[in-house]
Amino acid sequence: MLSRVKSHGLSGIGGFCVQVETDIANGLPAFEIVGLPDAAVKESRERVRAAIKNAGYIFPAARITVNLAPADMRKEGAVYDLPVALSILGASGQLGANPKMEFVAFGELGLDGGVRAIAGVLPMVIDAFGKGETVFAVPLGNAEEAAYVEGISVLPVSSLAELCAHVRGEQTISPHPTECWQGSETRYSTDFSEIKGQQGAKRAAEIAVAGGHNLLLIGTPGAGKTMLARALPSILPRLTYEESLEITKIHSITGATKGLGMVRERPFRAPHHGASSAALVGGGNHAMPGEISLAHYGVLFLDELPEFRHDVLEALRQPLEDGFITVSRAAATATYPAEFVLVAAMNPCPCGNYGSRIHPCRCSRTQIEKYRGRISGPLLDRIDIQIEMPEVGFGELSDKSGGEPSSEVRARVERARERQRERFKNDGILVNAQMNARLIKQYCSPDKASEQLLQRAYAELKLSARAYQRILKVARTIADVEGLEQVQLSHYAEAIQYRSLDANTGRDA
């Protein structure tokens, strides 16, 4: 007898339909799974065998062949345990003469017949829904995550026996109620009002977040670089439902959302400077997403930027420009989105005291240039705002008056983002940092006085064409933060001042 159960597989954040076909024939007892299964899928034979017996059913003593179609797509993970078990029971006649299994099933089985949560449920459900499927049997631990997709029916399954009873008509699994997405109000560990002094750096951080610009903080140890970076989540604009859905899809692949539902806050990722290229941009045997994709629509913070390996930093260049990363491995190839704000911090020299008013610098000019030279010119070009953070004096540290709270800064950021959404509603982008040459010409056209200023800056700072365009984008964001439609001379002047490394050391440093 032949039985079929619908399931789904993952390729990157996309998916593909899988038909689990089972044929039971006479002959010596055997259990084979074909269709390019990986080791985890092959091992499901023992899990399925034990789960069927412990669920109160009989494992057929016959020749069992399970085919995962299409046969040319690699199948990975324990996601197929549940549909394989259902298919075997259907083929052996234990679910009735004509069992109705008009649903897509996936889930990992325990030896006791329980159904465990799996990674990647949300992207699989979204992809299958786009292909016309509307009913899904998912592990109970994944039901909330899947129920955020409107227009589908989610059957939360806690055990194989429960789903079999549902198929046989002995009991009914009630669909999980559709979840209504809403953002959350989070209490952040660091507020902008707690940062003493550094008004220029806080202004630069606000502009960077408002326009989606990359930010480099340069300062002596203790100047507050890390504190400022870790306060950025408190001024990031609130997530929309569409953004939350895309972020959750990526995090679901790694298993980070098991039992947690949707991601409700923008990501803030801070990998150690010893991280490998694969950890940062993605990789491994199965082409999993890296830190830059996990920071999608959020912030990627790289502390001690020059201490990262050269190949790791250079791997950032393409996703910073394109907004996505394609990870190619022998076993798989996947494309992941990577629209993030890069925030990096570094000391001005190896000893950290170059430019300090308190501690003398022990580094030679050659050592300083070599240290800063670890950040290549092409990567530096892609960092829109470079700001120096001076040492904080005792008067600023002892000041009892609180600074501007994050809530007020976030309100300005959200107003600036709303202006950009309205401006680019027909252009397919969200923020100023994503503007191409045509949009820059349309929205950042300088007047005569501004053009003369930009010409002098271009010559004196030895800017590249990319750096020049990024100055125009930053100026556009400054105007948006101030609520002005026309970019003025003062906005261009401020944007030029944010090219700190270009101004101090030139393009070769």
In this structure, does ASN98 turn out to be at pLDDT below 90 and either open to solvent by 60 Å² or more (accessible area, probe 1.4 Å) or over 28 Å from the mean Cα position of the chain (by Cα) (or both)? yes
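When you check ALA334 against the structure, is it farther than 16 Å from ILE383 by Cβ, among the hydrophobic types (A, V, I, L, M, F, W, C) and surrounded by fewer than 17 Cβ atoms within 10 Å (Cβ to Cβ), yes or no?
no
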When only residues in segment 373-395 that are open to solvent by less than 20 Å² (accessible area, probe 1.4 Å) and among the β-branched types (Val, Ile, Thr) count, which is modelled with the lowest pLDDT? ILE375
Please work out if ARG415 is farther than 23 Å from ILE383 by Cβ, open to solvent by less than 60 Å² (accessible area, probe 1.4 Å) and basic (Lys, Arg). no
State which residue is farthest from the chain's Cα centre (by Cα) when the search covers only segment 418-460 and only residues that are surrounded by 15 or more Cβ atoms within 10 Å (Cβ to Cβ) and of a type in the set (Gly, Ala, Ser). SER450
Could you please find all residues in segment 292-311 being closer than 23 Å to ARG470 by Cβ, of a type outside the set (Ser, Thr, Tyr) and buried (at least 20 other Cβ atoms within 10 Å of the Cβ)? ILE292, ALA295, HIS296, GLY298, VAL299, LEU300, PHE301, LEU302, LEU305, PHE308
Selection status of ILE429, of a type in the set (A, V, I, L, M) and over 21 Å from TYR498 (Cα atoms): yes
Considering only residues that are open to solvent by 80 Å² or more (accessible area, probe 1.4 Å) and at pLDDT below 90, which ones fall in segment 397-412? LEU397, LYS400
GLU194 passes all but one of (1) buried (at least 19 other Cβ atoms within 10 Å of the Cβ); (2) farther than 30 Å from LEU82 by Cα; which number fails? (1)
Of the residues that sit in segment 337-372 and are under 30 Å from GLY284 (Cα atoms) and not hydrophobic (A, V, I, L, M, F, W, C), which one is most open to solvent (accessible area, probe 1.4 Å)? GLU339
Restricting attention to segment 53-79, the residues that are over 18 Å from ASN26 (Cβ atoms) and open to solvent by less than 10 Å² (accessible area, probe 1.4 Å) number exactly 2
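Could you tell me how many of the residues in segment 432-470 are touching a strand residue (DSSP E or B) at 6+ places or on another chain (Cβ under 9 Å) and either aromatic (Phe, Trp, Tyr) or in contact (Cβ under 8 Å) with a residue 60 or more places away in the chain (or both)?
Residues of segment 432-470 that are touching a strand residue (DSSP E or B) at 6+ places or on another chain (Cβ under 9 Å), as a first pass: 433, 457, 461, 463, 467, 470.
Then drop every residue that is not either aromatic (Phe, Trp, Tyr) or in contact (Cβ under 8 Å) with a residue 60 or more places away in the chain (or both), which leaves 433, 467, 470.
Selection size over segment 432-470: 3.
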Hey, LYS462 hits all of (1) at pLDDT 95 or above; (2) not in a helix (DSSP H, G or I) but one; which does it fall short on? (1)
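The values are calculated or read from the model by the stated rules, or taken from the named source; none is laboratory data. These figures come from a predicted structure and were not determined experimentally. Reconstructed Cβ throughout: ideal geometry from the backbone, glycine too, with neighbour counts over all protein chains shown. These accessible areas exclude ligands, DNA and RNA; they are computed on the full protein's heavy atoms, side chains included. Shrake-Rupley method; radii C 1.70, N 1.55, O 1.52, S 1.80 Å.
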